[in-house]
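Undergrad: Attaching a single structure in structure tokens format; questions to follow.
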Amino acid sequence: QKHYDYLLVGAGLFNAVFAHAAARAGKRCLVLEKRAHIGGNIHCDTVEGIEVHRYGAHIFHTSNAEVWDFVNRFVTMNRFTNSPVANYKGEMYNLPFNMNTFSRMWNIRTPAEALAILNEQRAEIAGEPKNLEEQAISLVGRDIYEKLIKGYTEKQWGKACTELPAFIIRRLPVRLTYDNNYFNDRYQGIPEEGYDALVQALFSEADILLNTDYLADKEGWNLRADAVVYTGPIDAYFDYALGALEYRSLRFETETLDTENYQGCAVVNYTERDIPYTRIIEHKHFVFGTQQKTVITREYPSDWKPGMEPYYPVNDTKNQALYEVYREMGARESVIFGGRLGEYRYYDMDKVIESAMVRARALGLTVGDET
Ligand code: FAD
């Protein structure tokens, strides 16, 4: 049996970057992936010629020039700019909160008019905000809170805003310009060839076994390589010895429609409580698709139970403390724990790439553009 330098558990973005760095150093990697495809959560299916983001909308954005250049060596990033729209009972508001939003909400025209209304409404909360509702009102006032934050947030967390802690919303950016670009990052886009092409290029020299669960025979697999990089859930690695870390999950409902253009943009948020989904994604708009049909996905937030797909870590005090104990146990293993599940934290794609670069370099590997 072939022996490898690295056994990489999980074929997501973290290990893709790591595999690329290892291959450059002539190291051999064996990748185990539980699912039937590579790419982890950035994987897309093709339906009616349209790339469908199978695990939720993924928009690449970063201010890190090195990460941007790295990605652009493997794929061509298009000029997609995320400018989502909120639908509140049929009223359409631009996001993030900016002059387009305020002008629609209050029929005003100038930043001074918007600021006057915001300040008047922010003053409703006098002392320290006691919960998420008070925090949001203190940041953007009651009108924006009621129409654009309350229902959406309650659906996301499955709880009333008055029962959620204030710290969940630390900042709510308010822009006094007519600028609908959601991200502040210097670079953003979607790979024209698709995310899978990026991951395929990065894994091009690795041997990959799909439909293979490392944890079903951890000790056996460990014999196949000198070192292990594990990007699955850290609590699962230890067989949940101290209990399970909690997540929020999502359910996706995808539908092909016999219409060319369903909603006119990639992302529409449904901010009222009574509509059970939080967003509808129309995938073709990520790449300016001109197909005759369209594919849309409704996103329903859901509670998470063991066995379900973990999406968002619940980084509250209790879970964070539990993670810290697992992390200490992990530090005593001769295994590298990386990525969003291995480190139990929400990581955007650029941050995952950055983190994999740092970890690879610490082992003397390079990603290719070092001077
Ligand atoms: P993953 O992609 O989760 O890969 C881990 C892999 O390990 C999985 O394929 C899993 O099946 C496999 N695995 C786990 N356990 C085992 C095992 N025992 N044996 C074998 N294989 C195993 N980022 C952005 O930058 N922009 C966005 O717009 C954006 N939107 C997002 C939307 C949603 C709904 C979510 C959940 C995330 C979003 N992200 C976004 C974050 C992005 O998905 C992550 O940064 C990235 O996918 C993490 O890569 P990873 O390799 O760490 O983990």
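Undergrad: On the given criteria, is residue 101 more than 20 Å from the chain's Cα centre (by Cα) and over 30 Å from residue 142 (Cβ atoms)? Outline the logic, then answer.
TA: Details: more than 20 Å from the chain's Cα centre (by Cα): yes; over 30 Å from residue 142 (Cβ atoms): no.
Here the answer is no, as residue 101 does not meet what is asked.
Undergrad: Something else about it: I'd like to know if region 72-79 contains one or more residues that are in a loop (DSSP other than H, G, I, E, B), among the β-branched types (Val, Ile, Thr) and under 29 Å from residue 16 (Cα atoms).
TA: Step one: of region 72-79, the residues in a loop (DSSP other than H, G, I, E, B) are 73-76, 78-79.
Pick out the ones that are also among the β-branched types (Val, Ile, Thr) and you get 75-76.
Subsequent filtering for residues that are under 29 Å from residue 16 (Cα atoms) retains 75-76.
Taking every residue of region 72-79 in turn, at least one turns out to be in a loop (DSSP other than H, G, I, E, B), among the β-branched types (Val, Ile, Thr) and under 29 Å from residue 16 (Cα atoms).
Undergrad: Could I ask something else about it? Can you say whether residue 354 is within 12 Å of the ligand (Cβ to nearest atom), within 14 Å of the chain's Cα centre (by Cα) and either under 17 Å from residue 253 (Cβ atoms) or among the acidic types (Asp, Glu) (or both), as far as the supplied structure shows?
TA: In short, no.
Undergrad: Taking region 1-38, which residues are of a type outside the set (D, E, K, R), within 7 Å of the ligand (Cβ to nearest atom) and assigned to a loop (DSSP other than H, G, I, E, B)?
TA: If the condition is that a residue be of a type outside the set (D, E, K, R), within 7 Å of the ligand (Cβ to nearest atom) and assigned to a loop (DSSP other than H, G, I, E, B), then 10, 11, 12 are the ones that fit.
Undergrad: Separate question: Suppose we filter region 187-199 for residues that are of a type outside the set (A, V, I, L, M) and within 14 Å of the ligand (Cβ to nearest atom); how many remain?
TA: If we filter region 187-199 for residues that are of a type outside the set (A, V, I, L, M), which is where we start, we get 187-189, 191-196.
Now restrict to residues that are within 14 Å of the ligand (Cβ to nearest atom): 187-189, 191, 195-196.
Residues in region 187-199 being of a type outside the set (A, V, I, L, M) and within 14 Å of the ligand (Cβ to nearest atom): 6 in total.
Undergrad: I'd like the full set of residues that are among the hydroxyl-bearing types (Ser, Thr, Tyr) and within 13 Å of the ligand (Cβ to nearest atom), limited to region 39-68.
TA: At the first step, the residues of region 39-68 found to be among the hydroxyl-bearing types (Ser, Thr, Tyr) are 46, 55, 62-63.
Across region 39-68, the qualifying residues are 55, 62, 63.
Undergrad: In addition: Would region 9-17 turn up any residue that is at positive phi and in contact with a Gly (Cβ under 9 Å, 6 or more places away or on another chain)?
TA: yes
So that you can scan it fast, the table gives a plain yes or no per residue for (1) more than 10 Å from the ligand (Cβ to nearest atom); (2) among the hydrophobic types (A, V, I, L, M, F, W, C); (3) without any contact (Cβ under 8 Å) to a residue 24 or more places away in the chain:
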position: 335; (1), (2), (3): yes, yes, no
position: 350; (1), (2), (3): no, no, no
position: 359; (1), (2), (3): yes, no, no
position: 366; (1), (2), (3): yes, no, no
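Undergrad: For region 103-116: of the residues being without any contact (Cβ under 8 Å) to a residue 60 or more places away in the chain and in contact with a helix residue (DSSP H, G or I) (Cβ under 7 Å, 6 or more places away or on another chain), which is surrounded by the most Cβ atoms within 10 Å (Cβ to Cβ)?
TA: Of everything passing the filter in region 103-116, 105 is surrounded by the most Cβ atoms within 10 Å (Cβ to Cβ).
Undergrad: Give region 312-371 a look and list any residue that's in a loop (DSSP other than H, G, I, E, B), of a type in the set (Gly, Ala, Ser) and buried (at least 22 other Cβ atoms within 10 Å of the Cβ), or say none. First the steps, then the outcome.
TA: Going residue by residue through region 312-371, those that are in a loop (DSSP other than H, G, I, E, B) are 314-316, 332-334, 338, 343-348, 363-371.
Subset that is of a type in the set (Gly, Ala, Ser): 334, 338, 364, 368.
Result: 338, single match.
Undergrad: Okay, next question. Could you please find all residues in region 260-295 being within 16 Å of the ligand (Cβ to nearest atom) and β-branched (Val, Ile, Thr)?
TA: 267, 268, 278, 280, 281, 287
Undergrad: Restricting the first residue to region 202-217 and requiring it to be under 16 Å from residue 35 (Cα atoms), which pairs with a second residue that is more than 9 Å from the ligand (Cβ to nearest atom) and part of a loop (DSSP other than H, G, I, E, B) meet a Cβ separation below 6 Å and a spacing of at least six or different chains?
TA: 210/36; 211/36
Undergrad: Further question: May I ask you to say which residue of 150, 89 is more than 16 Å from the ligand (Cβ to nearest atom), crowded, with 17+ Cβ neighbours inside 10 Å, among the basic types (Lys, Arg) and at pLDDT 95 or above?
TA: Working: 89 fails: crowded, with 17+ Cβ neighbours inside 10 Å.
Just one listed residue meets the conditions, 150.
Undergrad: Test residue 344 against the stated conditions and say whether it is more than 9 Å from the ligand (Cβ to nearest atom) and within 16 Å of the chain's Cα centre (by Cα). Quick ask: steps written out before the conclusion?
TA: Numbers: more than 9 Å from the ligand (Cβ to nearest atom): yes; within 16 Å of the chain's Cα centre (by Cα): yes.
Yes, satisfied.
Undergrad: Now, a different point. I need the full set of residues from region 1-30 which are surrounded by fewer than 24 Cβ atoms within 10 Å (Cβ to Cβ) and among the polar types (S, T, N, Q), in order please.
TA: The answer is 1, and nothing else.
The values are calculated or read from the model by the stated rules, or taken from the named source; none is laboratory data. Small disclaimer: the values here were computed from a predicted structure and weren't measured. Note that each Cβ is placed from the backbone with ideal geometry, even for glycine, and that neighbours are counted across all protein chains shown.
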